[in-house]
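Read the structure below first, then the notes.
Values quoted throughout were computed directly from the atomic coordinates according to the rules given, and no laboratory measurement underlies them. Since this is a predicted model, take the numbers as computed values, not measurements. Note: ideal-geometry Cβ built from the backbone for every residue, glycine included; neighbour counts use all protein chains shown.
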């Protein structure tokens with residue numbers, strides 16, 4: 001898994017971008033990534049912005065959620081960097097952030113949900129896996145299915 005990427009010599013796990021939704025998700029996702037021993041981790045929280053409609057949550061609340069998420073990631077990866085993005089398109093924001101921080105890969109845990117929820121959310125996992133401009137690593141759910 002640490003074969004150099006032909007484009008820039010960076011290993012797959014050289015700099016992993018770790019999208020996280022909230023504190024519990026951040027901790028579970030970081031723990032799922034931990035056994036793979038990435039060289040560098042940047043936690044990403046995307047604040048979903050509505051274009052022409054009210055935001056889902058107030059910006060201050062979203063930023064507090066991001067701070068809690070970053071703290072949770074740092075319990076596993078103490079030197080993790082943080083990156084907050086503000087966008088309507090979560091998947092686009094993930095790929096933009098990966099480019100901005102020069103990530104070698106994106107690692108995520110599927111948050112599941114029933115088919116209706118996946119349909120309504122645009123199935124972020126599917127879009128991550130099928131439209132990625134860089135490697136995307138789907139992390140295992142863990143023993144408890146979460």
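A few remarks follow.
- Residue exposure sequence - 37, 123 - by fewest surrounding Cβ within 10 Å: 37, 123
- Taking the number of Cβ atoms within 10 Å of each Cβ as an exposure proxy, the fewest-first ranking of 125, 69, 11 is 11, 125, 69.
- Each principal axis of region 10-96 carries a Cα extent, and these read 41, 25, 17 Å when sorted largest first.
- Likely footprinting exposure, 59, 136, 101, fewest C-beta neighbours within 10 Å first: 59, 101, 136
- Estimated FRET transfer efficiency (residue 75, residue 101; beta-carbon r; R0 22 Å; 0.05): 0.60
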